[in-house]
Amino acid sequence: RVLIATPPRSRRRSFNMPPKPDASADAKYLFMKVTGGDPAPPSVLAPKLGPLGMSPKKVGDDIQAATKEWKGIKVMVKITIQNRQAGVDVIPTTAPLILKALGVCRDRKKVKEVVHDGNLTMDQVIDIARTMRASSQAREFSGTVKEVLGTCFSVGCSVNGKHPRDIQGMIDSGDVTVGDA
């Protein structure tokens, strides 16, 4: 008779595999500023997308398709990469929204130094302020409207035929009410 000695159960080692990582929770985000309607250059995308196993040309085409309604305007895009699939979202900021409301569409290769001397209505400014309210630093909606008016001043357009600084002063004095978001 042969007896085989086995170690007690507490001393046995278990060689279980660790759980597989959840691929759906492993999303990567890239933020870029691109000219709307133009394909993003693959030389810019390659260093960012190469380690993730993505094709820069394919993502550039996705960016071009997502920004075609912003033709000629520089916009911020958020590229979400998950399971080797890219999703492109346009993040609206104040200046591109103002330029879109002005109807500015330029070919950046042919037209240089464009002067944005258009005129916006106060309703357009309030609509832009409603869009930007979530990312605004102002406590009240009137502060967000004044932020948009400051961007109108930097872009170079007027609001209701007046200088944006004059309308900011009218909001401060109470002559113009902007309501709530």
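Summary table below
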quantity	calculated
Pairs where the first residue, in segment 69-82, is closer than 11 Å to Y29 by Cβ and the second is open to solvent by 60 Å² or more (accessible area, probe 1.4 Å), C-beta under 6 Å, 6+ apart	K78/F31; K78/D89; T80/Y29; I81/K28
Test result for K20, over 27 Å from T144 (Cβ atoms), surrounded by fewer than 18 Cβ atoms within 10 Å (Cβ to Cβ) and either of a type in the set (A, V, I, L, M) or modelled with pLDDT under 85 (or both)	yes
Single unsatisfied condition, K78 versus (1) at pLDDT below 85; (2) touching a Phe, Trp or Tyr at 6+ places or on another chain (Cβ under 7 Å); (3) more than 20 Å from G103 (Cα to Cα)	(1)
Matching residues in segment 152-174 - criterion: being part of a loop (DSSP other than H, G, I, E, B), touching a residue at least 12 places away in the same chain (Cβ under 8 Å) and surrounded by 13 or more Cβ atoms within 10 Å (Cβ to Cβ)	G156, C157, N160
Residue, most open to solvent (accessible area, probe 1.4 Å), within segment 38-61, restricted to residues that are small (G, A, S) and outside any helix (DSSP H, G or I)	S55
Unmet requirement for Q64, which otherwise passes all of (1) within 17 Å of D26 (Cβ to Cβ); (2) open to solvent by less than 70 Å² (accessible area, probe 1.4 Å)	(1)
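The values are calculated or read from the model by the stated rules, or taken from the named source; none is laboratory data. From a predicted model like this one, the values you see are computed outputs, not experimental measurements. FYI the Cβ positions are ideal-geometry reconstructions off the backbone, even for glycines, and counts take in every protein chain you see. Each accessible area value is taken on the protein alone, full model and side chains, heavy atoms only, with ligands, DNA and RNA left out. Shrake-Rupley method; radii C 1.70, N 1.55, O 1.52, S 1.80 Å.
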